[in-house]
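Read-outs: derived from the displayed coordinates by stated rules, not from any lab. Quick caveat, the model's predicted, so the values are computed rather than measured. Counting neighbours? That spans all protein chains shown, and the Cβs are built from the backbone with ideal geometry, glycine included.
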Amino acid sequence: MPQMYCDCCHKQTAHKVVLKRCESENASMLRSLVCFFSTVLQGDHYVKMEKQYFCRRCNHQNVPLAASITNIKAA
Ligand SMILES: [Zn+2]
């Protein structure tokens with residue numbers, strides 16, 4: 001279970017990961033952006049699955065932009 005910073009708890013908490021298929025028809029602007037960045041960062045061009053992270057404490061959804069960037073392998 002990934003540890004992430006929660007905007008609601010204001011500290012690192014455990015998060016549950018929910019995979020959701022990107023649906024551009026119903027997507028909001030933010031959702032589309034998150035989906036786009038996750039696709040680019042993961043190089044996952046075929047199966048567009050959006051990872052959603054929910055805080056285990058308060059169930060607030062957090063977007064791991066910084067975490068995704070630091071998880072990229074250098075080599
Ligand atoms: Zn929280």
So what are the ³J(HN,Hα) numbers for region 4-20, from phi and the Karplus equation (6.51, -1.76, 1.60; θ = phi - 60°), rounded to whole Hz, Gly and Pro as x?
9, 7, 9, 5, 7, 7, 6, 6, 6, 9, 6, 10, 9, 9, 10, 8, 9
Using θ = phi - 60° and the Karplus form 6.51 cos²θ - 1.76 cosθ + 1.60, what ³J(HN,Hα) does each residue of region 51-64 get, whole Hz, x for Gly and Pro?
8, 10, 10, 10, 4, 6, 7, 10, 6, 6, 7, 10, 9, x
Let me check I've understood the local charge: for Q12, count other residues with C-beta under 13 angstrom from its C-beta, Lys and Arg +1, Asp and Glu -1. What total comes out?
+2
